[in-house]
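Read the structure below first, then the notes.
Values in this text are rule-based calculations from the coordinates and carry no lab data. These numbers were taken from a predicted model, which means no experiment stands behind them. Positions of Cβ are backbone-derived with ideal geometry, glycine not excepted, and every protein chain shown enters the neighbour counts.
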Amino acid sequence: MALIARLKGSLSKIKALFIRRKKARIGIYGPPNAGKTTLANRIVSDFTGETMGVASHVPHETRRVKKREGVTIRGNGASITLDVIDTPGLATRIDFHDFMQMGIPEDEARRRAKEATEGVIEAIKWMDNLDGVLLVMDAMEDPYTQVNVTVVGNMEARHLPMLIVVNKMDLDGASVDRIKGAFPQHTVVPISALNGTNMELLYETIAHRFG
């Protein structure tokens with residue numbers, strides 16, 4: 001009887017390996033102004049008609065983690081229901097003077113810098129509660145930044161599934177090859193979150209990667 005019980009237990013574990021996840025909590029990470037909130041809005045809007053936040057050219061416009069639950073995405077016959085987590089831009093240094101250079105008064109600049117710093121800490125803590133990450137990189141920028149390398153290393157250390165989303169492919173001079181060359185061990189999907197370019201491929205990849 002004990003042997004039969006052990007066999008049943010083993011079969012249950014094997015069966016679980018082949019059961020695809022139907023729901024996942026996915027965090028959208030990356031440096032400031034890579035297009036994280038634009039991507040979050042695109043995903044949520046495409047399947048619910050709603051949006052998550054306000055995208056802006058001003059760095060650190062998103063200074064708190066935002067969550068939208070129950071977004072079922074579909075791509076090429078596959079589907080998965082996501083809790084979409086939009087996080088503040090990760091940065092190694094946040095200086096209120098940078099806000100002042102954009103014409104923001106000092107008091108407001110100091111407040112934004114403080115909130116942005118707190119938001120980065122909050123975003124890092126959220127990594128413990130995720131099933132996967134979309135790491136957004138700007139197709140116009142050098143991928144070898146401290147933020148990108150740190151996030152990739154952190155995800156690898158946590159064995160957390162990750163997709164690299166190369167955004168702003170609609171701009172002249174955009175390059176996905178630089179990022180593929182920098183992180184060849186990871187799946188890379190080039191898109192324009194603003195224009196909706198290649199989103200079907202992204203949805204299909206998300207459904208298969210995180211499902």
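Just a few scattered comments:
- In units of the rule-of-thumb radius 2.2 N^0.38 Å, the stretch 52-161 shows an alpha carbon radius of gyration of 1.21.
- Here the contact order of the stretch 19-210, divided by its residue count and restricted to Cα pairs under 8 Å and six or more residues apart, works out to 25 percent.
- Approximate spin-label separation K125-K22, in nm, with each point projected 7 Å along Cα-to-Cβ: 3.2
- Tail fraction, Cα-Cα pairs, the stretch 19-210, threshold 26 Å, whole percent: 28
- Measuring r between the beta carbons of T187 and E118 and using R0 = 35 Å, the FRET efficiency lands at 0.65.
- Residue order for E115, E50, fewest other beta carbons within 10 angstrom first, comes to E50, E115.
- Long pairs among K22/K125; K36/K168; K23/K114; K23/K67; K114/K168; K36/K125, criterion Cα-Cα beyond 22 Å: K22/K125; K23/K114; K114/K168
- Here the peptides 141-154, 196-209 are ranked by packing, the mean other Cβ count within 10 Å, and the order with the highest first is 196-209, 141-154.
- Counting only DSSP beta bridges with both residues in the chain, the antiparallel share comes to about 30 percent.
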